[in-house]
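Working notes, beginning with the structure itself.
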Amino acid sequence: MLTSDRTSAMQVFQPIQLGQLKLQNRILMGSMHTGLEEARGGFEALARFYADRAKGGAGLIVTGGISPNRRGVLKPGGAKLTSRRQIKSHQIITKAVHENGGKICLQILHGGRYSYHPFNVAPSNLKAAINRFTPRSLSTRGVKKTIRQYAECAALAKESGYDGIEIMGSEGYLINQFLVSTTNKRTDVYGGTFENRMQFPIEIVRHIREQVGADFAIIFRLSMLDLVEDGSSWGEIKKLAQALEIEGVDAINTGIGWHEARIPTIATLVPRGGFSFVTKKLMGSVKVPLITTNRFNTIEACEKALQEGCADMVSMARPFLADAEIVNKSKTEPEAVNTCIGCNQACLDHIFENKIATCLVNPRASHEGKWPLDAKANTSKRVAIVGSGPAGLSAALESARLGHDVSIFEAASQIGGQFNMAKKIPGKEEFFETLRYFEIMLQKYAVDVKLNTEADAAKLSEFEHVIIATGVKPRSWTIPGANASEVVNYIDVLRGDAKVGKRVAIIGAGGIGFDVAEFLIHHETDNFFEEWGIDQSITERGGLRKPLRNAPRHQIHLFQRSEGKVGGKLGKTTGWIHRLQLKNKGVETHRGVDYQFFKNGKLTFNEAGSQREMAFDSVVVCAGQIPFAPLAESLADGGKTFQKIGGALNAKKLDAQRAIREGLEAAYSISEWT
Ligand code: NAP
Ligand code: SF4
C-alpha cells in the first residue's frame, strides 16, 4: 500500500472532537515536566519546544504539571499558575503553539503528599513512602479553598490562551489521595464512603466548568489502575468516570500506577502499549472520548490500540522528546522516526536530579535553539569517523546533516558497537530501534559506511577532520586464577559465545553486571503482568494479584568491592526496578568484597571481616570499561589532528546518553555553521 493510502486508512490520523475542540488527529502529547517550567528563560524555551511538537503533528499537547496553589508545587520553587501576572509568560507558549497549527492544554497538578517540601498538604497527615515530608491534613475550609484554586487556575489558563486544561487525578497525587481510603482518613464530607471521597474531584470539575464556560476543554486524568494495596476498585473507577462526565469533562485520560507503586509502568520492560487493556475496560461506560497511555512509542502501536477498540485517542509523552516530528514522519517516512526506547535516562532521571529533561536518543530535546536541525556548515569538509557505536553514529549523522562529506570506519560487520549488546538484554530490545534509525539516517545523508574496515593512519590521511569513536574495552579482572576456563567476560556471554553453568558469580555490579544478571535469569515464557502481579481482569482492588514467576535458570551471586548499596548508582527512576527484579529472582548480592583467588571452581573472598569460599560453574566479569583508542597514538605521531569522543575519550560514567551528545557536539565543532 502507498504511504498516503496507508495513512489515510489509519484511525490514528482521523480528526476527533473533544467537547468543542476539534483535533486533527488522535495523538495527544502527554504531560511531561521538562524543568524548563522553572528555569530562567524557560517560557521562551518551552514555547520553542512545544512549537516544534505542534509543527511535528501532535493532535493536542498537554503541558507539564502546574500547581493551582503554593502548597501543591512538587518542589520548592515549582511551577504554579495563581496570578494574572503570570498570564503574559504563558501566552508566549500558547501563541507559539497556535502559530504552528497546534492546540495545547495546561495540566493542573497538585502534588498533595508527594509535594517535596515541608508545607505540603493532603487529605490526612500520612507520609508517603517516597517523601520525607509528612503532609498537614487539610481542614474542610482548606479543601474548599483548594477546589476554588483549581477553578481559578483553570480560568487563568483560559485567559492565557490555552485550549483547555487537564486535571491530574492519577499517579497518586492529591486527587488520588482523596479517592483511596488508605490515604483518606477524613471524617468530614470529603472522607468515609467512596461517594464522599470522590466529592473532591467532582467539585473541582464542577467549579472549573462554572468558571470557564462550555468552550474550553476539560480532560480528567483518572487513575484506572492504582497498583497499590487497597487502591480503587473497578466499580469505584467506573462510578467516578460517569460522575465526571455528568459534571462536564470532555475527555478522560488514563492514569496507571501511583508513583509509590513498586510495579514498573513506563520503563522499557513494560510491553508496548501494555496497559491499553485498562482503558478498554472503561470503553462504553461513558460517552466522552477515552485516552489510553503508557509505553506507546510508535504510531503503529497507537493504531493497534485504536483498532482493537481500547480507546478513542492515545497519549504519548516521551516519544515526543525523542522525535518532535513523530506524527508527521509516521505518515511519510515512518522508518526515519527516532524512537523512544523507554530508558528514562535523560528525561525522568534528569528531573529527579533537578536537571532539564532531554532525551538519550535526541539530545536536542529541550535545547531546541542550540543545535538547529537546519544549520549548515560554512565550509564542507571531508570527515572520517572511526567506530560506529552510539558516539560515532551520532557524530556521523550530525556531521553529514551539516553538509560535510562523511565516511565511517567500522571494524565489525555491523554498526552499533555496545548497542548490539544492549539490545540483547531482556526488556532492552528497543535499542534495536535506535540502530534502525541511525542506519536509515546514514543512508539518507549519504554517509559512506565502511564495514569490516580497520581504519589506519594511511586511510585517514585523506580526511580533513578525524573523529575517534572507538569506544571502550572491558577491564580485565586480575586476581590469581582469573584466567581459569570458568572465567568469561560479559561480551562472550551476551554474544552466546560462552557457555554459562548453573551457579554463576558476576564480578562487578554496575549497569552491565545488572544487565548480565537479567539476561541470565530471563526465561522465554516470562510474562510481564504475571511476574509483577498485575491483575489484568481488574477484579482486585488496585489491580494487584499474587505474582507468578518462573524458577530462575541460574543461581546468581552479584559481587562488588565497594560498600555502597548494590545497584545504587543505577538510574533514579529505573534502578529500583532492576534491584527488585533481581531480588525477586533470587539473585544474591555481596558488597564490600575483597576477592582473593579463584581455584578449582571456587571463589575465595573476604566479606564482612571473614573469609568465604563459594563454588561456581561460571564467573562472568563485568568489571567496568577502559577507553579503547588504539589509533590515537599513531595519528598523533603523524601530526594528524583528530578528536576523541565517547568511551574512547573517557570510559568513566560513560553511557549512551553522553556518547550520543558528544557525537552531536563534535559535529557542530568541526567548522563554523549558520
Ligand atoms: P560500571 O557501571 O562502572 O560498573 C563497573 C563495576 O565493576 C562496578 O560494580 C565496580 O564495582 C566493578 N569494578 C571496577 N573495577 C574493578 C576491578 N578492577 N575488579 C573487579 N571489579 C571492578 O561499568 P559497566 O557496568 O561496565 O557499565 C558501563 C557504563 O554503561 C556505565 O556508565 C553504566 O552506567 C552504563 N550502563 C548503564 C546501564 C543501566 O543504567 N541500566 C546498563 C548498562 C550499562 P567495585 O569497584 O565496587 O568492585
Ligand atoms: Fe525515551 Fe529514553 Fe529519550 Fe526518555 S531519554 S524520551 S525514555 S529515549
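Across segment 590-627, the qualifying residues are those that are farther than 20 Å from VAL493 by Cα and touching a Gly at 6+ places or on another chain (Cβ under 8 Å), and the one among them that is farthest from ligand 1 (Cβ to nearest atom) is LYS599.
I'd like to know if segment 470-478 contains one or more residues that are farther than 19 Å from GLY624 by Cα and not charged (D, E, K, R). Within segment 470-478, not a single residue is farther than 19 Å from GLY624 by Cα and not charged (D, E, K, R). Can you name the residue in segment 549-578 that is of a type in the set (Val, Ile, Thr) and more than 10 Å from ligand 1 (Cβ to nearest atom) and is also farthest from LYS502 (Cα to Cα) among such residues? Here the answer is THR573. Please verify whether ALA365 is away from ligand 2 (no atom under 16 Å from the Cβ) and crowded, with 22+ Cβ neighbours inside 10 Å, treating the condition exactly as stated. No.
Residues of segment 371-381 include at least one that is surrounded by fewer than 20 Cβ atoms within 10 Å (Cβ to Cβ), away from ligand 1 (no atom under 16 Å from the Cβ), touching a residue at least 40 places away in the same chain (Cβ under 8 Å) and within 27 Å of THR34 (Cα to Cα).
For segment 338-357, give me each residue that is among the β-branched types (Val, Ile, Thr) and within 14 Å of ligand 1 (Cβ to nearest atom).
Applying the first criterion (among the β-branched types (Val, Ile, Thr)) to segment 338-357 yields 339, 341, 351, 356.
Selection gives ILE341 alone.
Residue check: is ILE479 more than 16 Å from ligand 2 (Cβ to nearest atom), more than 30 Å from ILE577 (Cβ to Cβ), among the hydrophobic types (A, V, I, L, M, F, W, C) and not in a loop (DSSP other than H, G, I, E, B)? No, not satisfied. Quick check, is PHE220 outside any helix (DSSP H, G or I) and either farther than 28 Å from MET29 by Cβ or free of Cβ contacts under 8 Å to residues at least 12 places away in the same chain (or both)? When the stated conditions are applied, PHE220 does not pass them.
Within segment 504-548, restricting attention to residues that are of a type in the set (D, E, K, R), modelled with pLDDT of 95 or more and more than 16 Å from ligand 1 (Cβ to nearest atom), the residue that is surrounded by the most Cβ atoms within 10 Å (Cβ to Cβ) is ARG541. In segment 589-605, the count of residues that are touching a helix residue (DSSP H, G or I) at 6+ places or on another chain (Cβ under 8 Å), at pLDDT 95 or above and over 25 Å from GLY389 (Cβ atoms) is one or more.
With the structure loaded, tell me whether GLN657 is over 22 Å from ARG561 (Cβ atoms), of a type in the set (S, T, N, Q) and modelled with pLDDT of 95 or more or whether it fails that test.
Working: over 22 Å from ARG561 (Cβ atoms): yes; of a type in the set (S, T, N, Q): yes; modelled with pLDDT of 95 or more: yes.
For GLN657, the condition - over 22 Å from ARG561 (Cβ atoms), of a type in the set (S, T, N, Q) and modelled with pLDDT of 95 or more - is met.
In this structure, does PHE432 turn out to be buried (at least 23 other Cβ atoms within 10 Å of the Cβ) and either free of Cβ contacts under 8 Å to residues at least 24 places away in the same chain or within 20 Å of GLN657 (Cβ to Cβ) (or both)?
On the way: buried (at least 23 other Cβ atoms within 10 Å of the Cβ): no; either free of Cβ contacts under 8 Å to residues at least 24 places away in the same chain or within 20 Å of GLN657 (Cβ to Cβ) (or both): yes.
It is false that PHE432 is buried (at least 23 other Cβ atoms within 10 Å of the Cβ) and either free of Cβ contacts under 8 Å to residues at least 24 places away in the same chain or within 20 Å of GLN657 (Cβ to Cβ) (or both).
The number of residues in segment 1-30 being within 20 Å of ILE167 (Cα to Cα), crowded, with 23+ Cβ neighbours inside 10 Å and under 27 Å from the mean Cα position of the chain (by Cα) comes to 5. When the residues of segment 300-314 are filtered to those that are over 15 Å from GLU430 (Cα atoms) and of a type in the set (A, V, I, L, M), the one that is nearest to ligand 2 (Cβ to nearest atom) is VAL314. Set side by side, the residues LEU126, LEU179, LEU109, LEU74 differ, and just one is more than 28 Å from the chain's Cα centre (by Cα) and under 30 Å from ARG262 (Cβ atoms), which is LEU126. Among the helices (runs of 4 or more DSSP H) confined to segment 287-402, the ones with at least 2 residues that are under 12 Å from the mean Cα position of the chain (by Cα) are located at 318-322, 348-352. Just one of the listed residues (ALA346, ALA317) is within 16 Å of ligand 2 (Cβ to nearest atom), surrounded by fewer than 24 Cβ atoms within 10 Å (Cβ to Cβ) and of a type in the set (A, V, I, L, M), namely ALA317.
Report the residue count in segment 595-630 for those that are over 36 Å from the mean Cα position of the chain (by Cα) and in contact (Cβ under 8 Å) with a residue 12 or more places away in the chain.
Going through segment 595-630, the residues over 36 Å from the mean Cα position of the chain (by Cα) turn out to be 595-617.
Still in the running and in contact (Cβ under 8 Å) with a residue 12 or more places away in the chain: 595-599, 601-603, 605-608, 611, 614-617.
Residues in segment 595-630 being over 36 Å from the mean Cα position of the chain (by Cα) and in contact (Cβ under 8 Å) with a residue 12 or more places away in the chain: 17 in total.
Go through (1) of a type in the set (Phe, Trp, Tyr); (2) within 15 Å of ligand 1 (Cβ to nearest atom); (3) in the same structural domain as VAL386 (by TED's automatic domain parsing) and name the single condition PHE642 misses. Unmet for PHE642, out of (1) of a type in the set (Phe, Trp, Tyr); (2) within 15 Å of ligand 1 (Cβ to nearest atom); (3) in the same structural domain as VAL386 (by TED's automatic domain parsing): (2). As a summary of the residue check, ALA305 satisfies the conditions (1) in contact with a strand residue (DSSP E or B) (Cβ under 6 Å, 6 or more places away or on another chain); (2) closer than 29 Å to ILE408 by Cα except for the one numbered (2).
Considered as a group, the residues in segment 535-556 that are more than 28 Å from the chain's Cα centre (by Cα) and outside any loop (DSSP other than H, G, I, E, B) include one that is nearest to ligand 2 (Cβ to nearest atom), and that residue is ILE556.
One residue stands out in segment 378-436 among those that are on the phi > 0 side of the Ramachandran plot and at pLDDT 95 or above: the one that is nearest to ligand 2 (Cβ to nearest atom), namely GLY416. Within the option set ARG148, ARG141, ARG206, being of a type in the set (Lys, Arg), without any contact (Cβ under 8 Å) to a residue 12 or more places away in the chain and assigned by TED's automatic domain parsing to the domain that holds GLY248 holds for one residue only, ARG141.
Across segment 321-343, the qualifying residues are those that are more than 8 Å from ligand 2 (Cβ to nearest atom) and among the hydrophobic types (A, V, I, L, M, F, W, C), and the one among them that is farthest from LEU570 (Cα to Cα) is VAL327. Kindly indicate whether any position in segment 442-457 is assigned to a loop (DSSP other than H, G, I, E, B), touching a residue at least 60 places away in the same chain (Cβ under 8 Å) and buried (at least 19 other Cβ atoms within 10 Å of the Cβ). Yes, there is a match, as at least one residue in segment 442-457 is assigned to a loop (DSSP other than H, G, I, E, B), touching a residue at least 60 places away in the same chain (Cβ under 8 Å) and buried (at least 19 other Cβ atoms within 10 Å of the Cβ).
The values are calculated or read from the model by the stated rules, or taken from the named source; none is laboratory data. What you see is a predicted model; the values in this text were computed from it and never measured. Glycine also receives a Cβ, built like all others from the backbone with ideal geometry; neighbour counts cover every protein chain displayed.
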